[in-house]
Amino acid sequence: MINFDTYINNFDLPFEDNSNDKETSENEESISEESSSGESNSEQAPVEDVKSEEVLAEDAKSEEDSVDGVKSEKASEKNVKSDDVPIEDSLPEEVPAKNTGSEKISNENTSNNKENLNPKFLFSNLIGRKIGMTQLFTDSGDVFPATVVEAGPCTVTQIKNKKSDGYDSIQLGFSDAKEKHLTKSQLGHFLKSKLSPKKVLKEFRFDKNDNLPSIGDEVDLRQFKVGDFVTVTGSSIGKGFAGHMKRHNFGGGRASHGKNSVMRKSGSVGAGTDPGRIFPGMKMAGRMGGEKVTVKNLEVISIDLSKNLIFIKGAVPGSNKNYLYITKN
């Protein structure tokens, strides 16, 4: 008899071990059980999530219902209070409050505009300074030459009357001056009125009027309006020494028919022995220009109150920066 165990021990043959197979099978069964349990858990999780969402939705609905209930209670309380208060008494308190604010603003604006446009007193005289000339166009395309004048504001420095001075007039001052450029008499004149010194002083006569400015008041362009006619007085441009043809518009002598060197001569200036002299005022050659000139009936085309500018149709006497006296007709 051959012992089978000894035969196996003598020959190392690769036989399978059933014990290992049992262990691997057990491990596979455990893994399959775990995977199946995981799948079952994953299948059960969405159900739990859906249940939680339904619970939250029910809670939110309950909260909204509670909030709506509170709001309805408050609204009912307000309605009860409003029922207690009469409607006629409540409306006038709310509606006029809004309207009165706008009315006050509009009234203030209109009052300010009236103050800016309407003068406080009546005195239609001003001192100004010529700026230059320009052109102004109308809506229809017409063009007009215009002189730009910086007029005012002027300060009332003195008021004269018939009792003390023999006539009624108001003295205006224009453009501030430095004290070092004035004489002692001029400084004393301004010290009486307690005003700052002025470069230009001018008196304007007036008729008795209740609404007149007082000392220290300012006169500006609010006394004028577009369409007014004014009279402008100033000093003409100096031309220097000029002959009689240029100065007095003489025609001169004949240029032919036997005349020699008489084309620009003045000719006779008077009689002979009787009277034996030249009368005063004879038109002869001399200094031309630099005289007082007044131009009447000049139309006011435009006014700029913010810059104290007045635009006068046509030309006015004097060069640029020359002082002018303006009077409304």
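Derivation of every value follows stated rules applied to the coordinates shown; laboratory data play no part. Source: prediction; values computed, not measured. Here Cβ is always computed from backbone atoms with ideal geometry, including for glycine, and neighbour counts include all displayed protein chains.
Can you tell me the dipole magnitude for segment 118-232 around its Cα centre, using point charges on the Cβ only (Lys, Arg +1; Asp, Glu -1), in Debye to the nearest 20?
Here segment 118-232 has a charge dipole of around 700 debye.
Extension gain for SER302-SER214 works out to 28.9 nm (0.36 nm per residue, less the C-alpha to C-alpha distance). Summing Cβ point charges (Lys, Arg +1; Asp, Glu -1) relative to the Cα centre of segment 224-329 gives a dipole of roughly 380 debye.
Multiplying the residue separation of ASP142 and LYS292 by 0.36 nm and subtracting their alpha-carbon distance yields 50.8 nm.
What FRET efficiency comes out for LEU187 versus THR231 if R0 is 41 angstrom and r is the Cβ-Cβ distance? Round to the nearest 0.05.
0.80
Other residues within the sphere of radius under 13 Å centred on the Cβ of PHE144, judged by their own Cβ, net out at -2 (K and R +1, D and E -1).
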